[in-house]
Amino acid sequence: MPLLKIILGPTAVGKSDYAVNLAREYDSPVISCDSRQIFKEMSIGTAKPSAEQLSAVRHYFIGTHSIHENYTAGLYELEALQLLEELFKSHEVLVMAGGSGLYIDALCNGLDDFPPADQELRDSLNDRLRTEGIESLRQELKILDPASYETVDIANAQRVIRALEVTLSTGRKFSSFKTNPRKKRFFEIEKTGLIRPREELYERIDRRVDEMMRQGLENEARGLFELRRLPALNTVGYKELFDYFEGKYDIDEAVRLIKRNSRHYAKKQMTWWRRDRDINWIEL
């Protein structure tokens with residue numbers, strides 16, 4: 001049976017370098033599993049693989065879609081499975097790399113059968129977001145579904161709203177939909193998680209943010225400012241700069257917040273993966 005090797009881990013841990021080296025060992029491309037690197041308009045702020053890494057081996061799902069598309073984990077599951085079916089015709093081992101837990105879960109296990117959107121309830125929750133702020137919705141989610149509060153990216157208002165919408169519309173906790181049996185795949189899966197000591201990881205995150213700013217992240221964000229309401233741009237590195245452009249704070253504070261929120265995101269990633277006993281963790 002063909003084998004898919006998945007390299008995962010928190011932001012800035014070093015997944016790209018590790019995956020490229022592994023891919024060269026197996027004469028494999030690298031299949032990205034990142035919910036933001038997939039967008040062509042977002043390059044610097046999503047830390048896409050470097051030109052050197054991209055030229056070393058072929059990459060898939062890097063800059064292949066537009067932020068104007070309503071791209072989801074469900075669509076990724078379908079497109080990635082189609083790609084794997086084609087690539088496994090000529091490869092016994094394929095390498096995948098990414099930090100998006102939901103996308104990795106979708107590919108490995110299939111998505112649970114969540115109910116369709118309740119647009120009226122969603123509009124009501126969005127109205128509450130505008131009038132009451134995100135913290136009110138977070139606290140309601142914490143009371144109604146503590147498990148989702150711990151695993152959902154609570155800095156992402158739309159994730160919080162979706163969890164509340166499902167919980168309120170069905171009477172079932174959002175987290176309860178994550179208990180369906182796994183879908184069977186036509187390939188074996190081997191997950192390798194990369195970790196580093198916390199202080200080292202945080203230093204790498206800070207250095208990466210400084211490097212992004214040197215590369216022109218501010219200009220990239222300015223070019224996307226008019227589109228800031230699109231869901232894809234509700235992303236660390238962009239939303240803090242959008243607030244700076246709106247005069248909420250100065251550039252130094254924006255950079256500080258990008259670093260802080262990137263660290264928070266790394267913690268959320270690790271919280272998501274700690275429940276997965278199939279991951280073999282390697283400390284770099």
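Take the residues of segment 81-98 that are touching a Phe, Trp or Tyr at 6+ places or on another chain (Cβ under 7 Å) and part of a helix (DSSP H, G or I): which is surrounded by the fewest Cβ atoms within 10 Å (Cβ to Cβ)?
Leu83
Please enumerate the residues belonging to segment 1-60 that are of a type in the set (Val, Ile, Thr), in a loop (DSSP other than H, G, I, E, B) and in contact with a helix residue (DSSP H, G or I) (Cβ under 9 Å, 6 or more places away or on another chain).
Thr11, Val13, Ile38, Ile44, Val57
Say whether the condition of being under 20 Å from the mean Cα position of the chain (by Cα), farther than 27 Å from Lys40 by Cβ, at pLDDT 90 or above and among the aromatic types (Phe, Trp, Tyr) is met by at least one residue in segment 195-205.
Yes: one or more hits.
Collect the residues in segment 139-154 that are over 23 Å from Val236 (Cβ atoms) and modelled with pLDDT under 90, keeping them in residue-number order.
Ala147
Where residues in segment 92-128 are polar (S, T, N, Q) and over 20 Å from Thr170 (Cβ atoms), which of them is modelled with the lowest pLDDT?
Asn109
Report, by residue number, each residue of segment 99-150 that is part of a loop (DSSP other than H, G, I, E, B) and of a type in the set (A, V, I, L, M, F, W, C).
Passing the criteria: Leu111, Phe114, Ala117.
Mind checking which residues of segment 64-80 are among the acidic types (Asp, Glu) and surrounded by 15 or more Cβ atoms within 10 Å (Cβ to Cβ)?
Listed by number, the residues that qualify are Glu77, Glu79.
Find the helices (runs of 4 or more DSSP H) located wholly in segment 210-284 whose residues include 3 or more that are within 18 Å of the chain's Cα centre (by Cα) and not small (Gly, Ala, Ser), and list them.
251-273
Of the residues Glu85, Glu92, Glu52, only one is in the same structural domain as Lys15 (by TED's automatic domain parsing) and over 18 Å from Pro2 (Cβ atoms); which?
From the options Glu85, Glu92, Glu52, the qualifying one is Glu52.
Regarding Thr192, is this residue crowded, with 18+ Cβ neighbours inside 10 Å, polar (S, T, N, Q), under 24 Å from Met96 (Cα atoms) and in the same structural domain as Ser90 (by TED's automatic domain parsing)?
It is true that Thr192 is crowded, with 18+ Cβ neighbours inside 10 Å, polar (S, T, N, Q), under 24 Å from Met96 (Cα atoms) and in the same structural domain as Ser90 (by TED's automatic domain parsing).
Would a scan of segment 152-159 turn up a residue that is surrounded by 14 or more Cβ atoms within 10 Å (Cβ to Cβ), assigned to a helix (DSSP H, G or I) and of a type in the set (S, T, N, Q)?
Among the residues of segment 152-159, at least one is surrounded by 14 or more Cβ atoms within 10 Å (Cβ to Cβ), assigned to a helix (DSSP H, G or I) and of a type in the set (S, T, N, Q), which makes the answer yes.
What residue, of Leu233, Leu284, Leu224, is in contact (Cβ under 8 Å) with a residue 40 or more places away in the chain, within 30 Å of Leu3 (Cβ to Cβ) and aliphatic (A, V, I, L, M)?
The match here is Leu284.
Considering only segment 72-88, state which residues are among the aromatic types (Phe, Trp, Tyr) and at pLDDT 95 or above.
Of everything in segment 72-88, just one residue is among the aromatic types (Phe, Trp, Tyr) and at pLDDT 95 or above, namely Phe88.
The values are calculated or read from the model by the stated rules, or taken from the named source; none is laboratory data. Predicted, not measured: the structure shown is a model, and the values here were computed from it. Backbone-built Cβ (ideal geometry, glycine too); neighbour counts: all protein chains shown.
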